[in-house]
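Chemist: Dropping the structure in here first, questions after.
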Amino acid sequence: MLESMLKGVISRESVLSAVDEYDRVGQDAFLAEYGFAQARNYLLVHEGREYDSKAIAGVAHQYEYGRALRPTEFHGGTGEAVVWLEQLGFTVKSLRNPDWAWDEVVLACAITADNGWRGLAATDPRVVELSGLLRLLPIHDASSRNDTFRNANGVARKTFDIATRHPDYQGKPTNGGATDRAVLQEFLASPVEMAAAAQLIRAGVLTGGLQAPAVADEDLEDFDAPEGRLLLRQHLARERNPKLRRQKIESVVRHGRRLACEACGFDFQRTYGDRGTGYIECHHVVPLHAAGEGRTKLSDLALICANCHRMIHRRAPWPTPGELRSLISEAGAPGAQDGS
Ligand SMILES: [Zn+2]
Ligand SMILES: [Zn+2]
């Protein structure tokens, strides 16, 4: 019986049976019977009532396979229990709000900078406006938010977290996290660029230009941009525009030049033969905040091999192809390989 148990593969009926049992014996007895603690992060909402979602998901296995999952055997969050329940069409609500993403802190930093690096009150129109904007950002999905998601109080508190981390601030900093500090550093180092980035995110959300992610978030793990994930997605989508890439490649070929990486010289055709003919990636050399909404010029695109492209985006600030070429020759110097 137990060998055939598939974790998370449960039916709607089993979940409803667990819900029935919960209703019948009551929350305390249900949790005690199966060894679960009270939910801290997620609740299942069914017919207007709330249930500890992890316990329900675990006990549903009892009805499916004859044995409940123990609390230590699975996660209650969006990796496991929440997804299992949502896939069956159940509603799960979050008790806590997600941490602030980099992009959100960029926007909060911009209004704090605008206020002379002092925190803003919850009644300040800039806070009220930003609160509305943050609810539109396509970063946190609905099931991870609760009713207080980025409300005016929360936004105001964030501006104080940021302001009290400013080097000129004399008192004790309020809470805030590593992201707050890192974004603040970017603002202090490049105030004009970061203000422009905030402006672009804002404009992109309001016009809907940032709404549809053309690049999956998993693909962004090895990428870094001080302007945040939303603008990074937009940047990468623009580089991957097949029409532009084709035009760039055609113009290089027309001028009799080789399709080779501008950083390391790699030539796909030379290494892969016919399979590599005509292949190269394009990298947009103009930074996100400076590229704006305007049209991409072919001269803004550099030919770059897949390896070099990854390395450019891996850490901000992004090196130009020429700078990367210097890094390659430094790393290739005698002795660099064996660390001696
Ligand atoms: Zn290369
Ligand atoms: Zn690129």
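The values are calculated or read from the model by the stated rules, or taken from the named source; none is laboratory data. Treat the numbers as computed from the prediction; the structure is a model and nothing was measured. Positions of Cβ are generated from backbone atoms using ideal geometry, with glycine treated the same way; all protein chains shown enter the neighbour counts. Accessible surface is based on the protein model in full, side chains and every heavy atom, while ligands, DNA and RNA are left aside. Shrake-Rupley method; radii C 1.70, N 1.55, O 1.52, S 1.80 Å.
Chemist: Closer than 30 Å to residue 82 by Cβ, touching a residue at least 40 places away in the same chain (Cβ under 8 Å), touching a helix residue (DSSP H, G or I) at 6+ places or on another chain (Cβ under 9 Å) and surrounded by 15 or more Cβ atoms within 10 Å (Cβ to Cβ): which single residue out of 162, 139 fits that description?
Modeler: That would be 139, the only listed residue that is closer than 30 Å to residue 82 by Cβ, touching a residue at least 40 places away in the same chain (Cβ under 8 Å), touching a helix residue (DSSP H, G or I) at 6+ places or on another chain (Cβ under 9 Å) and surrounded by 15 or more Cβ atoms within 10 Å (Cβ to Cβ).
Chemist: Given the condition more than 16 Å from ligand 1 (Cβ to nearest atom) and either of a type in the set (Val, Ile, Thr) or closer than 30 Å to residue 139 by Cα (or both), answer yes or no: does some residue in region 254-275 qualify?
Modeler: Checked against the condition, which is being more than 16 Å from ligand 1 (Cβ to nearest atom) and either of a type in the set (Val, Ile, Thr) or closer than 30 Å to residue 139 by Cα (or both), region 254-275 yields no hits at all.
Chemist: Please go through region 263-294 and pick out each residue that is in contact (Cβ under 8 Å) with a residue 60 or more places away in the chain and either away from ligand 2 (no atom under 12 Å from the Cβ) or assigned to a helix (DSSP H, G or I) (or both).
Modeler: Scanning region 263-294 gives 264, 288, 289, 290, 292, 293.
Here is a yes/no grid of residues against (1) under 30 Å from residue 226 (Cβ atoms); (2) open to solvent by 20 Å² or more (accessible area, probe 1.4 Å):
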{"site": "12", "(1), (2)": "no, yes"}
{"site": "31", "(1), (2)": "no, no"}
{"site": "44", "(1), (2)": "no, no"}
{"site": "71", "(1), (2)": "no, yes"}
{"site": "104", "(1), (2)": "yes, no"}
{"site": "118", "(1), (2)": "yes, yes"}
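Chemist: Looking at region 295-315, which of the residues that are more than 10 Å from ligand 2 (Cβ to nearest atom) and of a type in the set (D, E, K, R) is surrounded by the most Cβ atoms within 10 Å (Cβ to Cβ)?
Modeler: 300
Chemist: Quick check: is even one residue across region 278-294 open to solvent by 60 Å² or more (accessible area, probe 1.4 Å), within 16 Å of ligand 1 (Cβ to nearest atom) and over 29 Å from residue 101 (Cβ atoms)?
Modeler: Within region 278-294, one or more residues are open to solvent by 60 Å² or more (accessible area, probe 1.4 Å), within 16 Å of ligand 1 (Cβ to nearest atom) and over 29 Å from residue 101 (Cβ atoms).
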